[in-house]
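Quick notes on the structure that follows.
Nothing in this text is a laboratory measurement; each read-out follows from the coordinates by a stated rule. Keep in mind that this is a model prediction, so the values were computed, not measured. Ideal geometry is used to build each Cβ from the backbone, glycine not excepted, and the neighbour counts take in all protein chains shown.
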Amino acid sequence: MSILLKPTFREAIRSATRTLYGGWITTGSPVAAEIMAGSGLDWVLIDMEHAPNGLESVLAQLYAVSAYDVTPVVRVPFGDGVIIKQVLDLGVQNILVPMISTADQAGRVTEAAQYPPLGRRGVGSALARSARWNRVENYLDDAARHVSVFVQIESVEAVDNARSIAQTEGVDGIFVGPSDLAASMGLLGRQSHPDVVAAVKETFAQVAQCEKPFGVNAFDPVQADDYVRSGAEFALVGADAALLARGSEELAQRFITSPGQPAPDSY
């Protein structure tokens with residue numbers, strides 16, 4: 001019996017004829033993950049850095065999205081080799097690692113994601129969902145083909161090193177995080193500031209020289225469109241928690257009256 005794994009995010013980007021648009025799953029909820037996966041978006045980001053997620057909840061969300069034509073990417077909390085090994089053994093094929101500022105950091109991440117001799121990932125595929133318990137033929141030999149590694153540039157230092165990070169063997173793509181980049185530039189909470197936008201586009205230019213794909217987080221549609229015009233090949237354009245927060249606020253504004261105003265008629 002042999003099982004085929006889905007194409008990686010790397011392959012999805014290579015075969016795409018347009019920018020791939022994704023949704024961020026931050027609530028830790030399999031139900032929210034399934035709703036996002038069935039929306040028609042191209043990819044979803046299951047977050048372990050800023051969301052209440054551990055291995056068990058990530059696994060539940062992988063199950064929830066698996067029935068849909070969407071590519072799941074998991075962001076680990078940081079570039080720790082043990083966490084990367086555990087997440088890959090869960091069957092995650094695409095990882096995003098935050099706060100990568102140097103080529104040396106990127107190299108340690110890619111080594112953690114691949115078996116020897118390419119890297120130092122621990123071998124446990126017979127016990128793990130990654131190889132579907134040894135039902136994926138030649139998984140150990142082909143593991144590099146089944147895993148894609150994306151790293152996140154989100155500091156001034158990282159922008160300065162963007163080209164060398166992108167050139168690191170095993171790095172499949174670069175994702176720019178304007179929020180933390182803005183903070184590192186002394187512009188906390190001002191990710192649309194012209195200086196931040198310029199730094200994002202400078203990163204794009206450096207990565208493009210390495211012929212590696214690059215993407216960005218941009219919830220503002222106008223800003224997202226601008227980054228796509230600048231070449232972004234994938235973009236996060238919304239999050240479950242943000243959609244729920246803004247949507248519920250709109251309901252409150254629509255149906256709850258201001259002080260001194262008459263109550264709306266009941267239905």
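Stretching Ala144 away from His193 to a fully extended chain increases their span by 13.8 nm, per 0.36 nm per residue minus the current alpha-carbon distance.
Please grab the % of Cα pairs in the range 141-185 that end up more than 16 Å from each other. Counting pairs separated by more than 16 Å, the tail of P(r) holds 43 percent. Under the shape rule built on the C-alpha gyration tensor, where the axes satisfy a ≥ b ≥ c, the range 173-244 is oblate, since a/c reaches at least 1.5 while a/b does not exceed b/c. Taking a ≥ b ≥ c as the square roots of the eigenvalues of the Cα gyration tensor of the range 1-157, is the shape rounded (a/c under 1.5), prolate (a/b larger than b/c) or oblate? Because its axes are fairly even, with a/c under 1.5, the range 1-157 counts as rounded.
Would you please put 37-50, 148-161 in order of how densely packed they are, using the mean number of other Cβ atoms within 10 angstrom per residue and starting with the highest? Write out the running numbers ahead of the final one.
Numbers: 37-50: 19.7, 148-161: 22.5.
Per-residue mean Cβ counts within 10 Å order the peptides as 148-161, 37-50.
Given a cut-off of under 8 Å on Cα pairs at least six residues apart, what relative contact order in percent is computed for the range 72-184? Don't skip to the end; give the middle numbers.
Working: 209 pairs, mean separation 32.7, N = 113.
Relative contact order, the range 72-184: 29 percent.
Expressed as a whole percent, the proportion of Cα-Cα pairs in the range 98-145 lying more than 15 Å apart is 49%. Once the Cα-Cα distance is subtracted from the 0.36 nm per residue extended length, the Arg14 to Ser230 segment shows a gain of 76.0 nm.
What's the local net charge at Ala205, with K and R +1, D and E -1, over the other residues with C-beta under 15 Å away? Provide the component values of the computation, followed by the final result.
Numbers: positive: Arg163, Lys201, Lys212, Arg229; negative: Asp160, Glu202, Glu211, Asp226, Glu233.
That works out to -1.
Restricting attention to the chain, close to 0% of DSSP beta bridges with both partner residues there are antiparallel.
Summing charges over all other residues whose Cβ lies under 12 Å from the Cβ of Leu41, with Lys and Arg as +1 and Asp and Glu as -1, gives -3. Taken as Cα centroids, the range 34-48 and the range 162-189 sit 22 Å apart, rounded to the nearest whole angstrom. Ratio of Rg to Rh for the range 91-209: 1.09 [Cα atoms; Kirkwood radius as inverse mean 1/r over pairs].
Fully extending the segment from Asp104 to Arg254 would add 48.8 nm, taking 0.36 nm per residue of separation and subtracting the current Cα-Cα distance.
Across the chain, the longest run free of exposed loop sites, meaning trypsin sites (Lys or Arg not before Pro) lying outside DSSP classes H, G, I, E and B with no more than 15 other Cβ atoms within 10 Å, spans 19-119. Taking N as the residue count of the chain, its C-alpha radius of gyration divided by 2.2 N^0.38 Å amounts to 1.07. Per residue, the convex hull around the alpha carbon atoms of the range 123-267 comes to 212 Å³. Shape class for the range 1-87, computed from the alpha carbon gyration tensor (a ≥ b ≥ c): rounded, with a/c under 1.5. Just want to confirm a number: the relative contact order over the chain, from Cα pairs under 8 angstrom separated by 6+ residues, in percent. Relative contact order comes out at 18 percent.
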